[in-house]
Structure formats: structure tokens, C-alpha cells
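Report on one structure; see the data block that follows.
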Amino acid sequence: MTFAIHGLAVSRGIAIGRAVVVASSRMEVVHYFIRPDQVESEIQRARSARNAVIDELRRLQEEMPKDAPGELDALLDVHLLLLQDSALAEAIRNWISERLYNAEWALTTQLEIISRQFDEMDDEYLRERKADLEQVVERILRHMKGAAGPITPPASAPALVGGSAQQVPPEGAAETPLVLVAQDLSPADMLQFKSKVFAGFITAVGGKTSHTAIVARSMDIPAVVGARAASQLIRQDDWVIIDGNEGVVIVDPTPIILEEYSYRQRQGELERERLARLRYTPALTMDGQKVELLANIEQPTDGPAAVRAGAVGVGLFRTEFLFMGRSGNLPGEEEQYRAYREAIDGMQGMPVTIRTLDVGADKPLDKAQPKDYYLNPALGLRAIRWSLADPAMFRTQLRAILRAAAHGQIKLLFPMLAHRSEIEQTLAQLRQAQQELDARGMVYGTVKLGAMIEIPAAALTVRSFLKYFDFLSIGTNDLIQYTLAIDRADEAVAHLYDPMHPAVLRLVAEVIAAANAMGKEVCVCGEMAGDLSMTRLLLGLGLRSFSMHPAQILAVKQEVLRADTGRLQSWAHAVMDSDSPAEMLGI
């Protein structure tokens, strides 16, 4: 019987194949108390299992195929950081020595405590890092039990040709495409397949910024995540269609449905080939308007992939990922300088926009306050507020960025500004950082200064911001959340998160118009920038700079090449003034 399962579309394309269903890797853990004389041996057992996992992941990195995406290596680094976290090791030791828990019980108890902290984080990307911690703990538990890994690569896994799924062969063919259905996947699990990979992925958990989604996009593999009932409803060897464009999984399709999706799959391959030919085509509209297509990156090593995708620079380098998972041991000036320098070198002379630390009460860098200290993390001490509250840390980052600017084009971006007093304090810290470098006799470069517009108050007073800054970057994800009072992570109200709400569009349009009127640069760097349904609207509103995930650049470029901004202008303002903009766009 044919049926559909809905999830989140995280990597575009169509995959068709037989299901390989991997049962949940959650292991049963025996809980028992140990004797006091067993404490040291139990601590050693936990330590030995952890060290074995560290060795295993390092070996996977060393044996990683040359054509493996950089994201896999970076995510394995995240797992290694979690494994080497001294705070985690100390907490497990305490559960064993003070409560006399056996090692497995201590490990899972601490996992539950940290998981609750992750659940309370406001940032979607960081909240989903809970899955990384769970996978690390699962691997340690498996080593304690002496069990094999949760996934064994099938002998007949199809090779992926050009990053695309093969067409469905006749029944009985030797090379039948396979799609993976799992509760979740770790980077290490994916690496086990090496050169042989699945045509697509379906996971029961995860979001658009989960590691499975990141790797799927980097490999250009169709994927649907958050399909909660998938592993229960899909059986081994079922024919499955993954529609990565719509976030739909179709199980046991009829011949008519199979033929329709096979046709869509072939069309998708042709479209992918056409888009690849646009990589070196300048992004010019039909009426000659130059449009800047930039990449959002998280790691210093992401630059080369952005260049290969056709980016003409980095519109957002999220520096917080240099700071996370370090148990309060923040990166020093030299470490940060090397990271920013690596990002600059990777972009081959193109500009890099570096956003200063965007963490806060919901994702603290230390354990100074109890997790219930903050009543509302989304509105608390975060982003620039956090940096101004710790000026020594802030200036350390500023000095590192200024020094890196001596080696290439850097644009310095400050997040979550709302008040003139915050602007003045921020610029004062920057001047002090320059003075500190002068006192040391150190070389540094000049940077363009920018403000993120992600709070309605900033959007409504944008003209005063433009007196201080060279450019603006509209962070649409938070702007939508704050404008509509919607926690996009809360499933109960997530359906109200609406980029097409007239209030959101008017704020975005006002910021673009104000920047253009004063001859200042303005960019959109949120999810809206990579949304093809929004490209023509944003162009019509006057936007000429978009920053997005590298995988989205060529598709957006195609929309740009087909656009005539002169004709779009009046239409875009009519959409913005409409009571139902989504209907006018046909969304």
C-alpha cells in the first residue's frame, strides 16, 4: 500500500531506491551500584572506552577518502572535542565516586543533564548539537559492551556518480540504489561507507542544521529529516522515494507514481548539469544589475567549498563555532588569528565578513550561572550584549580579526545591536583594540564595519545605524522570530513562523531602501536569501547582495539571470503592501 511520510526538506533532489532500515542505536544500559573499592576500576573502564572511541575517530579521519566533503572532517572534530571535554569526564567521575553508579549509569545520567541544557538553547544549530553528544555517548557505551557499530555498510551500496542518485534499474538488477532510513546518523557512520554511499537519507530526528542535513547538502544527496515515524513504518527492502524538494517520503509507490518521480529525477539531473555551467557566469540581471552572491560559513576550512560553489565572497562567518564545546577555555588571540587568516586564504582574495561572537544566555561559554538563572534566554544577555559584558574577551576577538585583516579583505559585523549606546560602546572597544595593537607594535589592517539588523527596533531606526556603519546585514531568521514573537524551535507555534508576513516584508524593505538611499551596502544573510521563492521579490525591493549556504548559490544565480529588476520593482512593492503576500507569490 502506498503512503507518504512528511518531514523537513534539507537537501534538494529526488532519490529512488530500496530501503535499508537501521534500528535505533540506543543501547540498553544496566543500572547498578558499585562497591567503594570498585570506584577506580569503574572510572578506568569509562576512561578506556572513551580513549578507544577517540582512537577510532582519529583513525577514520586519517583514512578519510580524498573526495570526502570537508564537513565530515569538521563534524568529526566536533565529536573529538566532546570526547576530550574535561568537564564531561569530571562529571562522570563524580557520579561514579560520589553516587557509586556503574560507569554506564554515570555516562547516561550526565548525558540527560547536558541534553536538557541543549534543549533550552535558542540557537537552532547549537540545539541540534545535542545529537552529536548522544552519538558520542552511544559509541562509548558500545565500546564498553564490546558491540559493533550501529551501521554496517551493505556490500551492494551503489556508488554515487557526480553526487546524484542512479535511476531505478529493473527488478533483480545487481546495482539497485539504496536509501538509508535511520533514527539518526553520525559523521563516523557516514564515513564507514567511504566511496560507496546511499542515494539518499531519511532520519526520524534532526533539523535543517543537523549534521545529517549539512553532510547531505555538501554531498548533494537528497535527504529528509525529522520524519518521525519513518523507521517504524518503512520496512527493509521497501521501494522508497525521497523528495528532498518537498520534504516528503513516499513508500511502496505505484507504477504511475514511480514513473512520475523517475521523470522528475531525470529532470533534476539535467537541471543540476545546467546549473553547474553557471558557476563562472557573472550574476547580472537581464537589465544589467550586478548582484553579489555570497556564502555563509561556520568553519575556517569552509572557504574552498564556497569558492567551488561560485561564491564571490563570504557574507557571514559565524565565529561562535570556534568557541563552543571548550568547557570555558576560550580560544586565545593567536588561535583566533590563525582561524580568520585560514578563512581569508581559502577565499583567494575575495572579501570575508566576520561576525563577532554570537552566543548568549541560552548558550553560555562557561558554567558561571545555573541554567535556570535566565527567565527568557532569547531576550537575555546574548550576542553583542554578551561581548560588551566581557570586554576583555571581546577585544581579544577584535584584535585577532584586525590582525587577520592585514592579509585580505575583511568586513567586521556586529550582531543584535539595538541601541545607540551599544553602538558607541562597540566602536569604543574597537578603538581600544586598535590602540592595544599599536602599543605592541603589531601590524593590522583596516576593516569595513557593519551591523546586523535582526531586531525590529534596529530596522525601525535603521537610518541612525547608517550614520555609524559602512554596511548592513539583515538577519532574517531572528528578525522574523522577534517581529512575530515566534520561537521557531517550538513545534507548537512553528507554523506561525512566516517570512511572508507583511510586517516582516515591510521591515526588510525599509532597511534595503534606507541603505540604498545613503549609498551603503546591504545584504540578506538569513534563510530568506537562499529561498528561491523570495529571490525575485528581494531583487524587486532593491536587494543586490545575498548570502546563503554554498549549495544554494547556483540555483539563486539562475533566478538572478532571469530577472528584470526594472519590471520587478512595482510588482514587489505590490506584494509587500498586500494583505496576503504568499498568495501573490503562489506559495
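The values are calculated or read from the model by the stated rules, or taken from the named source; none is laboratory data. Predicted, not measured: the structure shown is a model, and the values here were computed from it. Here Cβ is always computed from backbone atoms with ideal geometry, including for glycine, and neighbour counts include all displayed protein chains. Side chains included, ligands, DNA and RNA excluded: accessible areas come from the protein's heavy atoms. Shrake-Rupley method; radii C 1.70, N 1.55, O 1.52, S 1.80 Å.
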> How many residues are basic (K, R) and touching a Leu at 6+ places or on another chain (Cβ under 8 Å) if we restrict to region 432-468?
Replying inline: 1
> When both residues are 6+ apart or on different chains and their Cβ atoms are under 6 Å apart, which pairs have a first residue that lies in region 469-481 and is hydrophobic (A, V, I, L, M, F, W, C), and a second that is open to solvent by less than 10 Å² (accessible area, probe 1.4 Å) and assigned to a strand (DSSP E or B)?
Replying inline: F469/G450; F469/A451; F471/G450; L472/A451; L472/I453; I474/I453; I474/V524
> How many of the residues in region 434-476 are polar (S, T, N, Q) and within 23 Å of P351 (Cα to Cα)?
Replying inline: 4
> R463: within 27 Å of L539 (Cα to Cα), at pLDDT below 95, of a type in the set (K, R) and out of contact with any Gly (no Cβ under 8 Å at 6 or more places or on another chain), yes or no?
Replying inline: no
>> So in region 13-36, with the set limited to residues that are closer than 27 Å to L133 by Cα, open to solvent by 50 Å² or more (accessible area, probe 1.4 Å) and not hydrophobic (A, V, I, L, M, F, W, C), which one is modelled with the highest pLDDT?
In response: Y32
> Can you name the residue in region 117-145 that is in a helix (DSSP H, G or I) and modelled with pLDDT under 70 and, of all such residues, is least open to solvent (accessible area, probe 1.4 Å)?
Replying inline: L126
> Do the conditions hold for R488, that is, is it basic (K, R), modelled with pLDDT under 95 and crowded, with 17+ Cβ neighbours inside 10 Å?
Replying inline: yes
> Would you pick out the residues in region 87-116 that are modelled with pLDDT under 75 and open to solvent by 50 Å² or more (accessible area, probe 1.4 Å)?
Replying inline: E112, R116
> Can you name the condition, by its number, that S547 falls short on among (1) among the hydroxyl-bearing types (S, T, Y); (2) at pLDDT below 90; (3) within 30 Å of L427 (Cα to Cα)?
Replying inline: (2)
>> Considering only residues that are open to solvent by less than 30 Å² (accessible area, probe 1.4 Å) and of a type in the set (D, E, K, R), which ones fall in region 424-474?
In response: E454
> If you go through region 555-587, how many residues are of a type in the set (A, V, I, L, M, F, W, C), open to solvent by less than 40 Å² (accessible area, probe 1.4 Å) and in contact with a strand residue (DSSP E or B) (Cβ under 9 Å, 6 or more places away or on another chain)?
Replying inline: 2
> Of all residues in region 259-294, which are assigned to a loop (DSSP other than H, G, I, E, B) and either surrounded by fewer than 12 Cβ atoms within 10 Å (Cβ to Cβ) or without any contact (Cβ under 8 Å) to a residue 12 or more places away in the chain (or both)?
Replying inline: R277, Y280, P282, D287, G288
>> I need a count of the residues in region 271-323 that are in contact with a helix residue (DSSP H, G or I) (Cβ under 6 Å, 6 or more places away or on another chain) and among the acidic types (D, E).
In response: 2
> Restricting the search to region 37-86, which residues are modelled with pLDDT under 85 and among the acidic types (D, E)?
Replying inline: E56, E62, E63, D67, E71, D73, D77, D85
